[in-house]
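The structure under discussion appears below in the form of structure tokens.
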Amino acid sequence: MTTPLILLPSDNVPSDHLPSNTSAPLRLGPGLRLLSEQQSSTPSPGHVINASRAGLLSTDPKRNAVSILSFPNHRYIPTTNDLVIAQVHHSSAEYFHCMVTPQTPHALLAQLAFEGATKKTRPVLKQGDLVYARVLSIGVSAGAEVELTCVNPATGKAEQGGLGPLTGGMVFDVSTGLAARLTRASSSKAEYEDGVAGLVVLDELGTKLEGIGGFEIAVGRNGKVWVDCSNAGDSAIRATVAIGRCLHAVDESNLSPAEQRKLVSRTLREMEV
Amino acid sequence: MNKEAPLSIAERDFILNALREGVRLDGRQPDELRPLNVSFGDEYGHVKVQLGKTSLIVRISSEVTKPRDDRPFDGPFTIAMELTSMGSPAWSDGRQGDLEQYVTHVLDRVIRHSNALDTESLCILKGVSCWSIRADVHVIDYDGNLIDAACIAIMTGLQHFRRPDAVVKDGQVVVYGLDEREPVPLNITHKPLSITFQTFDEGKLVILDANRKEEQASEGDVVIGINNAGDVCFLSKFSGAPVDAIVFVSKSSVALEKVKEINGIIDKALQSDLAKRTEKGLAEESKAENDR
């Protein structure tokens, strides 16, 4: 592992920091742009990759991906393929107008962009309902509308389980940095002993709460985490609050895996779950 | 826009259901305050108050002005508060929202109209000159309960502030600089603070010091302004669902308890700051070298 590299907007990514795998195309994460591709005969073609956000460069040799880890408290900027938790503001003939972040223009979610939705079977969402959706496109020019979807537009099926309306439960606001870490921790399997990105809080909560029925969780990259413990019966609310408190505590202070485990036990004891 | 984004249905229902079980989102008791932190800047009257995640800075300043013609013995005291987009993205600069109007009104009532600051003591020479005291409130971060936080900050600021000494010599007003004469503390008659309660479930559930989400989910609020001696100087129930009269009675005693607790925290912070200042002042005086 090379030393961490901090990039500022308009900095070029040095080529020796890029993954050297040439069999697969290089994937660029949000905050990086490909400016030009130089013709060269060497095995690794010289990309000029430019940062458009400040942050720490992170590479994933296995997926041949490179991305920028922005600082944890920045405001969410929609990026294509992000999973977000949006709140329906109002609906028009063809679209639900959703809030992804407060005080920004609404994002559009087509009324037929749900799994198996036809004109007759489409879901009816009221103002204030929550939807777990994927960012389909972010538009090109300034003022362009962000479009969301709950299905894969090519197949018409929900590609990843869980996209669609969220009912019940509670939403907790976390920083965008923690949301990104949670997404990474859930997408890659538990092959690391100490959890991905140093996060073990969800695994620990999962094992501790298994006895009362477990919980459902959806992480939106816009800094929202939806938690539902409706299987837990009487202690559902206390378990949900406990999860929310653990997430906030992890967000606010930089806890080591051991401290996170301790935090989970302590919070569950305090909430009498 | 000037409006907070509305809560989702799920959040609203969850907060209410949790309160029915006696659980709050951050694990507090219904009558428990968030952690309160009071700190001071370099100058007199510069206070930073953090109540949970709500944080604000208050600056008290003074200047010599001419008193109003109808009140020749009184010095003016104004509280200036502007909610700028620095505090919350929902607030826009330059436009006054409902919240701003409401908070300003309550602060005016609790602190100014209850005569917490003795404005007659600001008079220097009758009808000619007096001190004008101004409190500027800047909201740095907003997570609910702006009224109580602002009240704490202003009252702390008034107690911390020292104005320059001024005397009348042969009909002339002479103002001494802070380094010439020991500055004078303001004359505080009593220390009122406001305590805001949010009500849910048609006034059956009442909680104290709500954060932003709880505030948005609540049906109405009750503000009680009270001082250490238990004198209620302000009481309001402006809008929202009706509340039983018995709530006012029982919550007044809770408010009194909380005001004593908060005033204790303020006094402690003031004393430790004062001790630090005198220590520093003595150290500077005893130094052999000087700036010349």
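Computed from the Cα positions only, the extents of the protein assembly as shown along the three principal axes stand at 93, 66, 48 Å, in decreasing order. Under 1.5 on a/c is rounded, so check that first for chain A, then, if it is not, pick prolate when a/b is larger than b/c and oblate when it is not; a ≥ b ≥ c are the square roots of the alpha carbon gyration tensor eigenvalues. Judged from the Cα gyration tensor, chain A comes out oblate (a/c at least 1.5, b/c at or above a/b). In segment B:113-208, the inverse of the mean reciprocal separation of distinct Cα atoms equals 16.4 Å; this is its Kirkwood hydrodynamic radius. Basic side chains Lys and Arg get +1 at the Cβ, acidic Asp and Glu get -1 at the Cβ, and with that the dipole of chain B about its Cα centre reaches some 220 debye. For A:SER137, nonlocal amide neighbours, meaning residues 5 or more places apart or on other chains whose placed amide H falls under 5 Å from its own, are A:GLU147.
Between B:ILE266, A:THR80, B:PHE40, the Cα set farthest toward the positive side of the dipole of the protein assembly as shown (charges on each charged residue's Cβ, about the Cα centre) is that of A:THR80. Here the dipole of the protein assembly as shown is about 820 debye; that uses its Cα centre as origin and unit charges on the Cβ of Lys and Arg (positive) and Asp and Glu (negative). Working note: Karplus 6.51/-1.76/1.60 with θ = phi - 60° gives segment B:110-123 the couplings 5, 9, 7, 6, 8, 6, 5, 9, 6, 6, 5, 6, 7, 5 Hz, where Gly and Pro are set to x. In this structure, the residue pairs whose Cα-Cα separation is over 31 Å, taken from B:LYS204/B:LYS258; B:LYS48/B:LYS204; A:LYS120/B:LYS213, are B:LYS48/B:LYS204; A:LYS120/B:LYS213. Just want the answer: with Cβ charges of +1 for Lys and Arg and -1 for Asp and Glu, which residue in B:PRO242, B:VAL222, B:VAL106 is farthest toward the dipole's positive end in chain B? Toward the positive end, the furthest listed residue is B:VAL106. Taking each DSSP H run with n ≥ 4 as -39500 (n - 2.57) and averaging over every residue of the protein assembly as shown yields -8000 deg cm²/dmol at 222 nm. Within a straight-line Cα-Cα reach of under 23 Å, A:LYS62 can be paired with the following lysines, leaving aside sequence neighbours fewer than 8 residues apart in one chain: A:LYS189. Near A:ALA65, once Lys and Arg are set to +1 and Asp and Glu to -1 for all other residues with Cβ below 12 Å from its Cβ, the sum equals +3. Remark: chain A carries a charge dipole of roughly 320 debye about the Cα centre, counting +1 on each Lys and Arg Cβ and -1 on each Asp and Glu Cβ. Couplings 3J(HN,Hα) of segment B:221-226, computed from phi: 10, 10, 10, 10, x, 8 Hz, in residue order, whole Hz [Karplus 6.51 cos²θ - 1.76 cosθ + 1.60, θ = phi - 60°; x for Gly and Pro].
A short reminder: the numbers here are calculations on the coordinates, not readings from a lab. Values in this document were obtained by computation on a predicted structure and should not be read as measured data. Every residue, glycine among them, receives a Cβ derived from its backbone with ideal geometry; neighbour counts consider all protein chains shown.
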